[in-house]
Amino acid sequence: MLTTPQSIAAVVNGRVQGDPLRALSSMATLSAATPESISFLSNPRYRAQLTTTRAGCVIVAERVLPLAPHECAAASLVVVADPYLAYAQLSQWWAAQCRPPAPCGVHPSAQVEEGAHVHPKAWIGPLCHVAAGAVVAEGAVIGPHCVIGADAVVGAQTRLSASVALMSGCRIGERGILHPGVVIGADGFGFAPHDGQWVKIEQLGAVRIGNDVEVGANTCIDRGALEDTVIEDGVKLDNLIQIGHNVHIGRGSAMAGCVGVAGSATIGQRCTVGGGAIILGHLSLADDVHISAATVVTRSITKPGQYSGVFPFDDNAAWEKNAATLRQLHQMRDRLRQLEKKLP
Amino acid sequence: MLTTPQSIAAVVNGRVQGDPLRALSSMATLSAATPESISFLSNPRYRAQLTTTRAGCVIVAERVLPLAPHECAAASLVVVADPYLAYAQLSQWWAAQCRPPAPCGVHPSAQVEEGAHVHPKAWIGPLCHVAAGAVVAEGAVIGPHCVIGADAVVGAQTRLSASVALMSGCRIGERGILHPGVVIGADGFGFAPHDGQWVKIEQLGAVRIGNDVEVGANTCIDRGALEDTVIEDGVKLDNLIQIGHNVHIGRGSAMAGCVGVAGSATIGQRCTVGGGAIILGHLSLADDVHISAATVVTRSITKPGQYSGVFPFDDNAAWEKNAATLRQLHQMRDRLRQLEKKLP
Amino acid sequence: MLTTPQSIAAVVNGRVQGDPLRALSSMATLSAATPESISFLSNPRYRAQLTTTRAGCVIVAERVLPLAPHECAAASLVVVADPYLAYAQLSQWWAAQCRPPAPCGVHPSAQVEEGAHVHPKAWIGPLCHVAAGAVVAEGAVIGPHCVIGADAVVGAQTRLSASVALMSGCRIGERGILHPGVVIGADGFGFAPHDGQWVKIEQLGAVRIGNDVEVGANTCIDRGALEDTVIEDGVKLDNLIQIGHNVHIGRGSAMAGCVGVAGSATIGQRCTVGGGAIILGHLSLADDVHISAATVVTRSITKPGQYSGVFPFDDNAAWEKNAATLRQLHQMRDRLRQLEKKLP
């Protein structure tokens, strides 16, 4: 692909400073850029790289201007309000230029059962199986090896990249993305203990996913026990996340990889959950709650804010000493109290 | 579907109080029920919902009777010894009524190699691959996109829902359920270090799974190095669990999502492991050991009981202070001792 | 299979002591061995088992010799420098004898698109999809249900066991192994926040994997945002691991199951990461850093060594007391200081 600062400025709603017609053929970070690259400066930490980058053009924030000549090695700048947003917008435009348009129709190796409704402007890829009653809407793209269960619904423009399992009765809205290995609608984990055995509780609910939701590779969202598991609009889930049955995730919340959310937890809107965090079941997080990576949330959180709980790592010997002492901590507190009584 | 309190009472071994012939067409929680719903009260915490529920019929425990009229809004009750068990039983009956019976035979798109043994009353779904020597027993249901390796065995009435990989030589017993993305029998993680390289130890064992075992979506159970990895009867595993090679899990144990069990660990009978817990390798858990969510088990446990080890979460500022101090804990203990010496 | 101590000695570069021609037909641990078994003693902890094992032949280290007759029940020994390495070598030889040779060609049910390059001595298994521009080199074995995206590359002798997704443009070198459910090249998790929404950053990089790399079941390695995610030669990853976009893992590093590595982390050479550990993004681990299981790495590590950070588990009551006290730890330190001032 070949473009120019001028064209890029139009895409990201910016203005050009310097040569508007320089030939640009790749996007790159400041450190990896070549003279044909468009790059961007968003994190102020990397500002010094402006002086050394080989990039032909850099997207920068209005607020970093003016740049003295020695502060910027690039031949031209595209100046915007928010360079990180501009980078996102440009990446989308770039991908749209480079990637082949999605085809329409049904690959001859796909198995579409009678009674499935596939829009003529959708694509069903190689070796997919689409069961009876399933609906695949206009512009939806189902990549190779996906399974669409009975009565499941894929909204318009939604993409299932490959090897996704969308089980019976589960629905995803428009413009969603499901990455490879995603499982939507496996049974929730429900058993009644009886006589030393686990009696299965059939999971009669489904999963309802809103619009503009992205779900990362090998992430699982379980179907509800009686009512549905619900993922609201604009939620973004990374890879290898477990969402238990009857969880409800509010609009615009995002979770990093390896998070586990146990059954019937309710997550508010605009929450973020760091990688590897665990959220126990049957509790609630208010809107705008931010959970740090690897934190274990053991009770409901009613106030917005950042919450954390991680054992600080250390070299092994130091950790061992402190960890061993930790097992005497309650007793240490008592000893401290004794001393305080003696020395008021 | 349409049923009545009378029919439900027969399913769950209860007795009706109130109208036995009321028309019921859905199962629901107390809070979401409509007048056509059958619901249940199991957790005493929700008892107040009995007064406001719109449910036409509620399953309750003998011990909550008698209910004054103002305490119960439902037109009829089904009274049982254990309402949660009754709910499980009813859910199974309900699912059996609603779901189409499993078909028999082989979908034309499935690839069943010569030398595979598929019972005429089993079902091999679309786009499955069944290798030579594999056995699929009577009533087994293999959903779309499953892979059954050479000489693998699927017991009677066992269901592989979709996209399951049961690798060569691995066996699962009767009435089991494997959810989408489950991998049974990938290689265990074994290498001999040599000259700065990892020399692979071929994994010559397999996986042996008993009867009535359920395995959640994208969970992995590795094949053994020399002997088999063993999962006994009645074990229930949730999603995204890792079971290392040569692990042995005793009868009736259950694990929640995101648990990791390292190689050669031995888990007793009737154990439970909370979500996100990690159990290190080459150690043993006695029968009836219960591990709290996100706990890291670093040594064997010989006595039944509940075990925990989680850093308590807090607002970020408070956590930071305490976590920083934690790195001085051992030294604090020494300072405390000094004071105690001075002030005996 | 039938072999002898003599043949085994040739495989593992050892020398026989005792009967060189005894018939051996299985590999087993010392405790499970039968008189037809070859076994090995590597961990000194198990030395006592030498006196009771039923194994017909045992691989032992030169340094344990001489063994008095009562110390060893086996009819013959194969003496080597490193018995664990010998076991690995023997396991490879054993597997090579027992397993059918990989076929060549394309299974009739596989979908190989026009413009894909499959070496005539490679194998494309049942129900695979290979997209245009993909390259599958000599001796590569693609098991059932794999997806090879456009322009992806599979190096010589590399095996994708089953249900692997190697997405467009991603490359793996020679002699690699990808276990079932592995996803290489799903989108990294990148969004620019804007007006309460997440604007997707298209992930324009790919994944580059070196030679002799093994990736465990259901592990995910995300494609880079602009540059590639890189896994160097000889890296070994266990199951259910998440590798974020633009991570770089140095040669010969190994990670156990359920590890999460966030985006843009750089892991040195010969590092090891224990199961369930979390490594935050944008940080670096030096060469020869060893992270204990379940440790959360929150900042860069510049010196080789072992690092840990796990809350020690305890019986639940003891843990509860200590965990509650932990929330007052910073305050306890202040109280301790007060006492020290009073009692200098």
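Bear in mind these aren't lab numbers, they're just calculated from the coordinates by the rules spelled out. These numbers come from a predicted model, not from an experiment. Positions of Cβ are backbone-derived with ideal geometry, glycine not excepted, and every protein chain shown enters the neighbour counts.
Between the beta carbons of A:Arg47 and B:Asp288, assuming R0 = 45 Å, the FRET efficiency works out to 0.15 to the nearest 0.05.
If you bin all the Cα-Cα distances of the stretch B:5-98 at 10 Å, starting from zero, the percentages per bin are 18, 59, 21, 1. Pairs of Cα atoms nearer than 8 Å and 6+ residues apart set the relative contact order; for the stretch A:5-98 it is 31 percent. Once divided by 2.2 N^0.38 Å, the Cα radius of gyration of chain B becomes 1.28.
Positive-end ranking of C:His248, C:Ile124, C:Gly173 along the dipole of chain C, with charges on Cβ about the Cα centre, is headed by C:His248. For the modelled label position 7 Å from the Cα of A:Lys341 along Cα-to-Cβ, which residues of the stretch B:309-344 have backbone nitrogen atoms closer than 17 Å? The answer is B:340-341, B:343-344.
Each pair of Cα atoms in the protein assembly as shown enters the Kirkwood radius, and Stokes-Einstein at 4 °C and 1.567 mPa s then converts it into a translational diffusion coefficient of 43 µm²/s. Which one of B:Ala75, A:Ala286, A:Gly257 has its Cα pushed farthest toward the positive end of the charge dipole of the protein assembly as shown, where Lys and Arg give +1 and Asp and Glu give -1 at the Cβ? Positive-most Cα among the choices belongs to A:Ala286. Could you tell me what % of all Cα pairs in the stretch C:281-344 have separations over 13 Å? Counting every Cα pair in the stretch C:281-344, those more than 13 Å apart make up 75 percent. Using the Cβ of A:Gly216 as centre and a radius below 13 Å, the other residues enclosed give a net charge of -1, where K and R count +1 and D and E count -1. Loop sites here are GluC sites (Glu not before Pro) outside DSSP states H, G, I, E and B with no more than 14 other Cβ atoms within 10 Å. The longest part of chain B free of them is B:139-344. Counting from the shortest, the label point at C:Arg335, 7 Å from Cα toward Cβ, is 1.4, 1.4 nm from the same position in each remaining copy. Taking every DSSP bridge with both residues inside the protein assembly as shown, close to 15 percent are antiparallel. Calculated FRET efficiency, A:His70 to A:Asp315, Cβ-Cβ distance, R0 = 51 Å: about 0.75 to the nearest 0.05. For chain B, build the charge dipole from Cβ charges (+1 Lys, Arg; -1 Asp, Glu) around the Cα centre, then report which of B:Thr3, B:Phe311, B:Gly274 sits farthest towards its positive end. Comparing the listed Cα positions along the dipole, B:Phe311 ranks first. Note on B:Ala32 and B:Ala95: the model spin-label points, each 7 Å out from Cα along the C-beta direction, lie 1.6 nm apart. Phi angles across the stretch A:241-256 convert, under the Karplus curve 6.51 cos²θ - 1.76 cosθ + 1.60 with θ = phi - 60°, into 3J(HN,Hα) values of 9, 10, 10, x, 5, 6, 5, 10, 10, x, 3, x, 7, 9, 9, 7 Hz, Gly and Pro given as x. Relative contact order of chain B, taken over Cα pairs closer than 8 Å and 6 or more residues apart, is 6 percent. Annotation for the stretch A:120-181 versus the stretch A:239-265: alpha-carbon center distance of 21 Å. The A:Leu2 and C:Glu138 beta-carbon pair, evaluated with R₀ = 41 Å, returns a calculated FRET efficiency of approximately 0.65. Distances between copies of B:Arg54, taken at a point 7 Å out from Cα along the Cα→Cβ vector and listed shortest first: 6.8, 6.8 nm. Helical content of chain B, expressed as a calculated mean residue ellipticity at 222 nm, amounts to -4500 deg cm²/dmol (DSSP H runs of 4 or more residues, -39,500 (n - 2.57) each, divided by residue number, nearest 500). For C:Glu71, the point set 7 Å out from Cα toward Cβ sits 7.5, 7.6 nm from its twins in the other copies, listed from shortest up. Taking label points 7 Å from Cα along the Cα-to-Cβ direction, B:Glu114 and C:Cys104 give a separation of 2.1 nm.
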